[in-house]
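Engineer: Input: one structure, supplied below.
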Amino acid sequence: MEIRFIWEDPANQERQQQDFGLPLVIGRELARLPENIQGQPPAKVCFKSKEISGYHALIDFVDGQLIIEDVSTNGTRVNGKLIRKTREVIGSGDTLQFGPFQITLTVLSEVSGTEILDTPPTEFNPDTVVSIPSDISEPLPSAQSTIFFNPETDEPEAQKNPAAVTIHNVAFFPPAEFLNTEFVDVQLLYASGNRVEEKDYLGLGGGIGSFVWTNYIRIYGVKADKIAVLGLEKKPYGRYQRLCKNSQIPPYERLRSGSDSCPDNIWGWPGYAWREAWRELFSGQVISAAKHLWQVFSEPVLADTYTPISGKVFESLDREAERIGWSEILRYGRIRAIRKTTDGRYAVAYSVPGETQRVHGYLVGKFVHIATGYPAVRFLPDLQKYRLETGDFKSVVNAYEEHHHIYEYLERNGGTVVLRGRGIVSSRIVQRLSEARRKNPKITVIHVMRTPVLEGNKFGPVRRKVENHWEFQPYNWPKGTWGGDMRALLEASSPAKRYELLKDWGGTTTADRTDWKRIVQDGLDKRWYNIEFGEVEKVEANEQGKPTTFLKTNKGTLKVAADFVIDSTGLEAKPKENPLFADLIDRYNIALSPYGGLNVANDFEIKEMRNNSGRMYVSGILTLGGPYAAIDTFLGLQYAAQRIADGLVASKAPGMRYINPFGSLWQWIKWATNQKP
């Protein structure tokens, strides 16, 4: 068994994280091991403080429970409670304090399967203590996806043990009576002693998808006090901003994909290009302003596709969040499970992480929207195997992990990078590597591709252009799938037919941009960027401890030694990768599309979850293979929110009303003058 300590250094407030085996002894010096430890030699952690004894405390797994034993002079605080010369049962999420060091504990275990009491409690008892596997919303390991969004912090986090699951020795929540039924009684939720909050509208996720949906229903007439949104981020773009930063899109860099729609503005005018041009005109940059407006009118035939500056997108979201009362609507917590209620609504069990004592609660609502984003980051199995065998999590990384150290190293020392994956993220990584070469030209990129790309995906007579084995969008993909023939055709098709159409059309690819194509061509011409085709057989550490890729090509096996390997194969899209949805799918027999996404109706309702007049909707990547193609773009999230809002009006949802032309103009004026809807 392993445990993880996360703390901030009292001296400089730097975040620290470290994993330990058990038993673990904590102290100031630990020159002599304590005599009461039996079995294997303990792991040790030293904290330099006069408030901490030489041998201060012991953490071990005893009789099926994780315990901490204090043997110190000053004592240890467990969730704020002082213990001295005694034992205390602890679990994940608990806070331990040794002197000035306050530590958040996460328990990692090699146990697989489920350990639950043979006879579960018959009442909702918040004090019942059992040993359970990872929470219902925590992701399970799989062969391909091993980088998950930490359920406590929402950070992409690699698992050092693919069999690891988190065990909580805390109150069994939600209890068996909640999990083992299709319908729960709201009165029993109140009787449990946990907090219960009832709202007309519930948003689950707290990201941009939840924000866009909330924005629509606010403009459609719903008051802020009728809505609650559950999430782990204070800002609706928190996870997206972090993934942008990790994949080398800083605040001053332009976004790469179909991001020309405005999630802060349902009317789409003025768009990002108009706003940028307006700012430039007032700062005297007339030519630059004209260029951006020209892009909007002539893209992509006569000019490169316009994409906004990421930092400006986040600023605009902040403005709209304040306007619609986002801070009033947001609830901090992570989803544990969802069930229908006996009175035609839905109950959402959640936990609040990070508090000195873990708090549980329920949200109850009649109209629920789910937009939790991607369940995990996809990671190639051979790279996963390399990291687990070598313990090297610095040389082999995923593009969505924090990996700025690679560029810092290359700018100082030069080196070779193997890049895997081909798409939007890969294009940004190549651009970032080209920027590093300006500081140190001794940088080489080997781009490993499975097969050549000779022709692009197509729709009717239109085929995507391919250049240097990169496929580019011949038209603006999100705009093309918003309306017109593509959207109508997809909505009218069966799930099987949609699968065929989407395979023909392909997904969002790199925009056809001159600056980007110039970088690739320059790299090929100067041979600092090289493409190798083949199938990766394995990745092993060489004698110098560097990752070596064995690539099976039509000319034999090619060995590529590199300083770093960057995996940019993308994000995991299947709902079943997240146990929250795996549980929901199995409990209510929710149909899946051939792509593995939730099979939603054209208005994005999950029909199997209908509960009398209660409705549940979902948008984003969870609807992969559904009635809309560009589901994970800004425009896709807005389209889904528009259809859901119209569906809510048709369902006579309280406070919702269609917006006529005069009402729409009035609401736009309120948006432009920054007044509440």
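The values are calculated or read from the model by the stated rules, or taken from the named source; none is laboratory data. Just so it is clear, the model here is predicted, and its values are computed rather than measured. Please note: Cβ atoms are built from the backbone with ideal geometry, for glycine as well, and neighbour counts cover all protein chains shown.
Engineer: Which of the residues spanning segment 629-661 are part of a loop (DSSP other than H, G, I, E, B) and either among the aliphatic types (A, V, I, L, M) or within 21 Å of the chain's Cα centre (by Cα) (or both)? Steps first, please.
Structural biologist: Step one: of segment 629-661, the residues part of a loop (DSSP other than H, G, I, E, B) are 629-633, 651-660.
Passing the criteria: ALA629, ALA630, ILE631, ASP632, THR633, ALA653, MET656, ILE659.
Engineer: Output the qualifying pairs, or none if there are none: Cβ atoms under 6 angstrom, residues six or more apart or on different chains, first residue in segment 650-669 and within 24 Å of LEU202 (Cα to Cα), second residue in a loop (DSSP other than H, G, I, E, B).
Structural biologist: GLY655/GLY221; GLY655/VAL222; MET656/TYR220; MET656/GLY221; ARG657/GLY221
Matching residues to (1) more than 23 Å from ALA653 (Cα to Cα); (2) among the polar types (S, T, N, Q):
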| position | (1), (2) |
| --- | --- |
| VAL301 | yes, no |
| TYR306 | yes, no |
| SER310 | yes, yes |
| TRP326 | no, no |
| ILE329 | no, no |
| ILE338 | no, no |
| GLY344 | no, no |
| SER351 | yes, yes |
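Engineer: Inside segment 369-385, can you point out the residues that are under 17 Å from the mean Cα position of the chain (by Cα) and either at pLDDT below 85 or closer than 28 Å to THR549 by Cβ (or both)?
Structural biologist: TYR374, PRO375, ALA376, VAL377, ARG378, PHE379
Engineer: Pairs, please: C-beta under 8 Å, at least 6 apart or cross-chain, first residue loosely packed, with under 13 Cβ neighbours inside 10 Å and in segment 276-293, second charged (D, E, K, R) and assigned to a helix (DSSP H, G or I)?
Structural biologist: What qualifies is VAL286/GLU280.
Engineer: Moving to a separate point now. If GLY625 passes every condition in (1) modelled with pLDDT of 90 or more; (2) within 23 Å of VAL229 (Cβ to Cβ); (3) surrounded by 19 or more Cβ atoms within 10 Å (Cβ to Cβ) but one, which one does it miss?
Structural biologist: Condition not satisfied by GLY625: (2).
Engineer: Name the strands (runs of 3 or more DSSP E) wholly inside segment 392-495 in which the number of residues that are among the aliphatic types (A, V, I, L, M) and within 22 Å of ASP512 (Cα to Cα) is 3 or more.
Structural biologist: Counting at least 3 such residues, we get 443-449.
Engineer: Taking SER426 as the residue in question, decide whether it is closer than 30 Å to ARG331 by Cβ, surrounded by 23 or more Cβ atoms within 10 Å (Cβ to Cβ) and not hydrophobic (A, V, I, L, M, F, W, C).
Structural biologist: Criteria not met by SER426.
Engineer: With respect to the numbered conditions (1) in contact with a Gly (Cβ under 9 Å, 6 or more places away or on another chain); (2) part of a loop (DSSP other than H, G, I, E, B), which one is the sole condition not fulfilled by TRP269?
Structural biologist: Looking at each condition in turn, TRP269 falls short on (1).
Engineer: Continuing with this model, one more query. Output the residues belonging to segment 338-360 that are on the phi > 0 side of the Ramachandran plot and modelled with pLDDT under 95. Walk me through it before giving the result.
Structural biologist: Initial filter on segment 338-360 (on the phi > 0 side of the Ramachandran plot): 344, 354.
Answer for segment 338-360, where residues must be on the phi > 0 side of the Ramachandran plot and modelled with pLDDT under 95: just GLY354.
Engineer: OK, next. Looking at (1) under 25 Å from GLY506 (Cα atoms); (2) buried (at least 24 other Cβ atoms within 10 Å of the Cβ); (3) not small (Gly, Ala, Ser), find the lone condition where MET616 falls short.
Structural biologist: (1)
Engineer: Still on this structure, please answer the following. Considering each residue of segment 191-204, count those that are at pLDDT below 95 and either surrounded by 24 or more Cβ atoms within 10 Å (Cβ to Cβ) or basic (Lys, Arg) (or both), and give that number. Explain how you work it out, then say what you get.
Structural biologist: From segment 191-204, those at pLDDT below 95 are 191-195; that's our starting set.
From the residues that got through so far, the ones that are either surrounded by 24 or more Cβ atoms within 10 Å (Cβ to Cβ) or basic (Lys, Arg) (or both) too are 195.
Number satisfying all stated conditions: 1.
Engineer: Would a scan of segment 575-595 turn up a residue that is outside the structural domain of ILE446 (by TED's automatic domain parsing), in a loop (DSSP other than H, G, I, E, B) and buried (at least 20 other Cβ atoms within 10 Å of the Cβ)? Working first, answer last.
Structural biologist: Pass one, segment 575-595, residues outside the structural domain of ILE446 (by TED's automatic domain parsing): 575-595.
Next, from what is left, pick out any that are in a loop (DSSP other than H, G, I, E, B): 578, 589-591, 593-595.
Now drop any that are not buried (at least 20 other Cβ atoms within 10 Å of the Cβ), which leaves 578.
Yes, the conditions are met somewhere in segment 575-595.
Engineer: Give the residue that is surrounded by the fewest Cβ atoms within 10 Å (Cβ to Cβ), with candidates limited to residues of segment 386-418 that are over 22 Å from the mean Cα position of the chain (by Cα) and under 22 Å from TYR240 (Cα atoms).
Structural biologist: TYR407
Engineer: If you don't mind, there's one more thing I want to ask. Could you run through segment 469-499 and say how many residues are surrounded by 14 or more Cβ atoms within 10 Å (Cβ to Cβ) and either at pLDDT below 75 or not aliphatic (A, V, I, L, M) (or both)?
Structural biologist: Within segment 469-499, residues that are surrounded by 14 or more Cβ atoms within 10 Å (Cβ to Cβ) and either at pLDDT below 75 or not aliphatic (A, V, I, L, M) (or both) number 20.
Engineer: If a residue has to be part of a strand (DSSP E or B) and in contact with a Ser or Thr (Cβ under 7 Å, 6 or more places away or on another chain) to count, how many in segment 55-93 make the cut?
Structural biologist: Qualifying residue count, segment 55-93: 4.
Engineer: Here is a follow-up. For segment 651-675, which residues satisfy the criterion of being surrounded by fewer than 12 Cβ atoms within 10 Å (Cβ to Cβ) and either among the hydroxyl-bearing types (Ser, Thr, Tyr) or closer than 13 Å to GLU320 by Cα (or both)?
Structural biologist: THR673, ASN674, GLN675
Engineer: Here's another thing I want to ask about it. Restricting the search to segment 621-639, which residues are within 22 Å of SER316 (Cα to Cα) and either in contact with a strand residue (DSSP E or B) (Cβ under 8 Å, 6 or more places away or on another chain) or of a type in the set (Asp, Glu) (or both)?
Structural biologist: Answer for segment 621-639, where residues must be within 22 Å of SER316 (Cα to Cα) and either in contact with a strand residue (DSSP E or B) (Cβ under 8 Å, 6 or more places away or on another chain) or of a type in the set (Asp, Glu) (or both): just ASP632.
Engineer: Would you say LYS559 is over 27 Å from ILE335 (Cβ atoms), without any contact (Cβ under 8 Å) to a residue 12 or more places away in the chain and in a strand (DSSP E or B)?
Structural biologist: Answer is yes for this residue.
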